[in-house]
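**Q** Dropping the structure in here first, questions after.
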Amino acid sequence: MKDTSFDPSTYLWLPAPATKWDEALPVGNGRLGGMVFGGVDEERIQLNENTYWTGGPYSTVVAGGAKVLPELQRLVFSGKYLEAHNLFGRKLMGYPVEQQKYQSLANLHLFLAHRGQATDYRRALDLETGIASVTYTVNGVTYRREVFSSAPDQAVVVRLTASKLGSISLKANLRGVRNQAHSNYGTDYFHMDPVGADGLAVTGKSADYLGVAGKLKYEGRIKATAEGGTVHTEGVDLVVKDADAVTLVFVAATNFVNYKDVSADQHHRVEGYLAALRNKSYSTLKDAAIKDYKGLFDRVTLKLASTENSYLPITERKEKAQTSPDPSLAALVYNFGRYILISSSRPGSQPANLQGIWNDDMNPSWDSKYTTNINTEMNYWPADSSNLGDLTEPLFRLIREVSGQGAQVAKEHYGARGWVFHQNTDLWRVAAPMDGPSWGTFTVGGAWLCTHLWEHYEYSQDKEFLKKALPLIEGSVQFFLDFLVKDPSGKWLVTNPSTSPENFPDGGGNGPFFDEVTGSMQPGTTICAGSSIDMEILHDLFGYYLKAADALAYKSPILAKVKEARARLVPPQIGADGSLQEWADDWKSLEKNHRHFSHLYGLYPGRVLWDKRTPELVDAYKKVLEERGDGGMGFSMVWKMALWARLGDGNRAHNIYQRYLLEQNCAQLFARCGRAMQVDGTLGATAALTEMLMQSHAGYIHLLPALPSEWKDGEFDGVCARGAFQLDFKWSGGKVKKLRVLSKAGEVCRVRAGLPMRVSCQGKTVESKELPDGVIEFATVKGESYELQPI
């Protein structure tokens, strides 16, 4: 009989244990992460601590590179792209050319003394509580495991119970992870030790990499508490016999203080965590973790219709959703993204990296770093709209920290004031160009991050926050005022060197060549002047700076220069075929369906299309989307969802969403980037689904702007809009039936709901006026709620 006792928008389950890492279920508290495999005879929980990386504090700044910048710019403007590429590689690349890697900390193995075949197996993740569970029956005894990562108690907690007393016997083993690829085998090996009669420890240090000495030391500890039965250690094993129930707590720490300081005592930290846990029962730990988690997760609810398929295992749901409607699956995808953000980004933690906080590889894909030519930004796209704006603190701290080396790079590499940051950084906040000239010439990574500072203000209207953010924005603006140069026509200002991330144009590469930096053949070079994404990001950066100065009545001698420079940025260019140009020249991509389509930034998440909107420009953006198709990597597909939502085509966005679930999704809803899990698509999907149901970028709140035909009925409560508004709204038959608006800052509210609405507050009619396109405008008072009903 099918189990329909759960909410399919907040619960996912699988009928078998994970057979590989990216099928496991994630738990996290921002700092400590775990991946739960759910085995019957052997449970494996892979563990991470978010400050465990290779290396130690270091710098990639290379002095004196700015001397060759004028010659490099001359080569680019002369069309000598390969010469410019090689000069950049020799004189302007950071050193080391690569960066450090996020590492796997440990694995907890539980060898369980079962005899017999397991039946009624279920592995589940309850997004309402943040608890992963495993249940099954062997010889008439039902076994259950619960795993969660507690933010209040800074521990991963594992609870084992059984329906029959005295049925739990196991051997636990806490293992470090060998860094075969990058460590010194003779000196960097981890140590495993027993701790008393009821504990295990694993200790070690970070690997040396790229000539950067490994300076991090770590310790992980397991402590067991059994109800009934016995607990003891045998060498590096912890043995439990005939217990009624067992609670295992895992705590861990490194000596990391900040990106410049590794002077902490990891052992002292671990002892402190364990001391705080002493005498706390499992129910106390569980209740505190759930209360903390629900304080974030319960801020928003999305309800879409359930069907018979909604109660199937998640892998079957995704397959059947291709041909049979399951609207609540979209709500589950939305909620899973919020769960991942809550689990991988908390105030005081590191920001979510390419894999959030979950990584089992000592040589992970793309180093599991912070990639800022879209991926890190996408991780935080849903934060403010999904009422989790406080979880952006780690990102904003990263911006502050990376601006330190960023100022040195600006001076030494470019001869400029302010600060600059390129396409990647790591735990140590290095800022110079890396990987090679084809990637490193992306100078607007820091500028893109700065747009998040303004967006957060848009959602919060918090002027104290904006005051603290303004110096960072101004520092980025100052760099580009110095870095921008006139193009050969003298009409426009452009970035030079420039690139459109990771994409090789047919007109700029001059054919395949041997790259002196990477030591490999390349299809060409990406180097250019004034790529479209550069111009679009700077349009926003300069515009947001001017708005911030106005909001704060801030006076600066550079304001006039910023206005003038913004007016001279190359505007969006439409090519001969009617599509938006990716480069200042009318070049095409060597790869027809390239995973990046960076020039569409101005449609989403940027503002250029909305500031310069014409029918021809809308068509030019749309033509690029048609040319690139609906496939791609996970992050590509969810970005396309958001772009089509901005264009008002909900069914096209929905089709891509379905394809994403089938082609670029792991078993438990983690997004993939081709061969590897990446959380950017997971989090981007939450943002894209929001854009289908509510948008607020155009100066008003637009309800159901891109509603797919399958989602005729639904309810969205707690979602946030720019202007510091929180919304609860319900629709039926594709039409808004009611709307409640909470005003957090007392701003004027404008709403487009698709039909005339009456506004009231505390039962009294509120005066409103109708603007073009059916937009309703009314004044609000901070802290008051307003009801809007169709007339």
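The values are calculated or read from the model by the stated rules, or taken from the named source; none is laboratory data. If you're wondering where the values come from, they're calculated on a predicted model, not measured in any experiment. Here Cβ is always computed from backbone atoms with ideal geometry, including for glycine, and neighbour counts include all displayed protein chains. Calculation scope for accessible area: heavy atoms of the full protein, side chains included, ligands and nucleic acids excluded. Shrake-Rupley method; radii C 1.70, N 1.55, O 1.52, S 1.80 Å.
**Q** Out of all the residues in the range 306-344, which are surrounded by fewer than 23 Cβ atoms within 10 Å (Cβ to Cβ), under 20 Å from Leu25 (Cα atoms) and more than 25 Å from the chain's Cα centre (by Cα)?
**A** Residues satisfying the conditions are Tyr311, Leu312, Pro313, Glu316, Glu319.
**Q** Moving to a separate point now. Which of the residues that make up the range 19-55 are assigned to a strand (DSSP E or B), among the acidic types (Asp, Glu) and open to solvent by 10 Å² or more (accessible area, probe 1.4 Å)? Break it down into steps so the answer makes sense when it comes.
**A** Within the range 19-55, the first condition is being assigned to a strand (DSSP E or B), and the residues that meet it are 25-28, 32-36, 42-49, 53.
Right, trim to among the acidic types (Asp, Glu) and you get 42-43, 49.
Residue satisfying the conditions is Glu42 alone.
**Q** Those residues that are under 29 Å from the mean Cα position of the chain (by Cα) and either free of Cβ contacts under 8 Å to residues at least 12 places away in the same chain or in a loop (DSSP other than H, G, I, E, B) (or both), I need them from the range 185-212; list them, please.
**A** Listed by number, the residues that qualify are Ser206, Ala207, Asp208, Leu210.
**Q** Just checking, which of Lys592, Lys547 is assigned to a helix (DSSP H, G or I), among the basic types (Lys, Arg) and either open to solvent by 10 Å² or more (accessible area, probe 1.4 Å) or in contact (Cβ under 8 Å) with a residue 40 or more places away in the chain (or both)? So that I can check it myself, show each step before the final result.
**A** Details: Lys592 fails: assigned to a helix (DSSP H, G or I).
Result: Lys547 is the single residue among Lys592, Lys547 that is assigned to a helix (DSSP H, G or I), among the basic types (Lys, Arg) and either open to solvent by 10 Å² or more (accessible area, probe 1.4 Å) or in contact (Cβ under 8 Å) with a residue 40 or more places away in the chain (or both).
**Q** Which residue is nearest to the chain's Cα centre (by Cα), if the candidates are limited to the range 359-418 and must be of a type in the set (D, E, K, R) and under 28 Å from Leu87 (Cα atoms)?
**A** In the first step, residues of the range 359-418 are kept if they are of a type in the set (D, E, K, R); the result is 360-361, 367, 369, 377, 384, 390, 393, 397, 400-401, 411-412, 417.
Then drop every residue that is not under 28 Å from Leu87 (Cα atoms), which leaves 367, 369, 411-412, 417.
On the way: Asp367: 15, Lys369: 11, Lys411: 30, Glu412: 31, Arg417: 30 Å.
Looking at residues that are of a type in the set (D, E, K, R) and under 28 Å from Leu87 (Cα atoms), I get Lys369.
**Q** Report, by residue number, each residue of the range 255-297 that is of a type in the set (A, V, I, L, M), part of a helix (DSSP H, G or I) and surrounded by 13 or more Cβ atoms within 10 Å (Cβ to Cβ). Explain how you work it out, then say what you get.
**A** In the first step, residues of the range 255-297 are kept if they are of a type in the set (A, V, I, L, M); the result is 257, 262, 264, 270, 274-277, 285, 288-290, 296.
Retained after the next criterion (residues that are part of a helix (DSSP H, G or I)): 270, 274-277, 285, 288-290, 296.
Val270, Leu274, Ala276, Leu277, Leu285, Ala288, Ala289, Ile290, Leu296, listed by residue number.
**Q** Every residue in the range 652-672 that is open to solvent by 10 Å² or more (accessible area, probe 1.4 Å) and under 17 Å from His596 (Cβ atoms), please.
**A** Gln664, Arg672
**Q** If you don't mind, another one. Just name the residue that is surrounded by the fewest Cβ atoms within 10 Å (Cβ to Cβ) out of those in the range 610-646 that are over 20 Å from His594 (Cβ atoms) and among the hydrophobic types (A, V, I, L, M, F, W, C).
**A** Among those residues, the one meeting the criterion is Trp610.
**Q** Return yes or no: is Ala576 within 23 Å of Thr451 (Cα to Cα), part of a loop (DSSP other than H, G, I, E, B) and out of contact with any helix residue (DSSP H, G or I) (no Cβ under 6 Å at 6 or more places or on another chain)? So that I can check it myself, show each step before the final result.
**A** Values: within 23 Å of Thr451 (Cα to Cα): no; part of a loop (DSSP other than H, G, I, E, B): yes; out of contact with any helix residue (DSSP H, G or I) (no Cβ under 6 Å at 6 or more places or on another chain): yes.
Here the answer is no, as Ala576 does not meet what is asked.
**Q** In the range 511-529, how many are of a type outside the set (Asp, Glu) and either over 24 Å from Val97 (Cα atoms) or loosely packed, with under 14 Cβ neighbours inside 10 Å (or both)? Full working, then the answer.
**A** Of the residues in the range 511-529, the ones of a type outside the set (Asp, Glu) are 511-514, 517-529.
Those left that are additionally either over 24 Å from Val97 (Cα atoms) or loosely packed, with under 14 Cβ neighbours inside 10 Å (or both): 511-512, 514, 519-521.
The total comes to 6.
**Q** Step by step: first the residues of the range 111-138, then only those that are assigned to a loop (DSSP other than H, G, I, E, B) and at pLDDT 95 or above, then the one that is most open to solvent (accessible area, probe 1.4 Å). Which residue is that? Can you show your working first?
**A** Just the residues of the range 111-138 that are assigned to a loop (DSSP other than H, G, I, E, B), to begin with: 113-117, 127-130.
From what's left, at pLDDT 95 or above: 127-130.
Values: Leu127: 0, Glu128: 59, Thr129: 34, Gly130: 10 Å².
The residue in question is Glu128.
**Q** Among (1) at pLDDT 95 or above; (2) buried (at least 18 other Cβ atoms within 10 Å of the Cβ); (3) charged (D, E, K, R), there is one condition Lys563 misses while meeting the rest; what is its number?
**A** So the condition that Lys563 fails would be (2).
Here's the yes/no breakdown for (1) closer than 17 Å to Cys528 by Cα; (2) modelled with pLDDT of 95 or more; (3) under 27 Å from the mean Cα position of the chain (by Cα):
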residue: Phe465; (1), (2), (3): no, yes, yes
residue: Ala469; (1), (2), (3): no, yes, yes
residue: Leu472; (1), (2), (3): no, yes, yes
residue: Gln478; (1), (2), (3): no, yes, no
residue: Leu481; (1), (2), (3): no, yes, no
residue: Leu484; (1), (2), (3): yes, yes, no
residue: Pro497; (1), (2), (3): yes, yes, no
residue: Phe504; (1), (2), (3): yes, no, yes
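**Q** Of all residues in the range 298-321, which are touching a helix residue (DSSP H, G or I) at 6+ places or on another chain (Cβ under 6 Å) and not in a loop (DSSP other than H, G, I, E, B)?
**A** If we filter the range 298-321 for residues that are touching a helix residue (DSSP H, G or I) at 6+ places or on another chain (Cβ under 6 Å), which is where we start, we get 302, 304-306, 309-310, 317-318, 320-321.
Selection gives Leu302, Leu304, Asn309, Ser310, Arg317, Lys318, Lys320.
**Q** Which one is farthest from Thr60 (Cα to Cα) among residues in the range 203-259 that are in contact with a strand residue (DSSP E or B) (Cβ under 7 Å, 6 or more places away or on another chain) and among the aromatic types (Phe, Trp, Tyr)?
**A** Per the criteria, the residue is Phe250.
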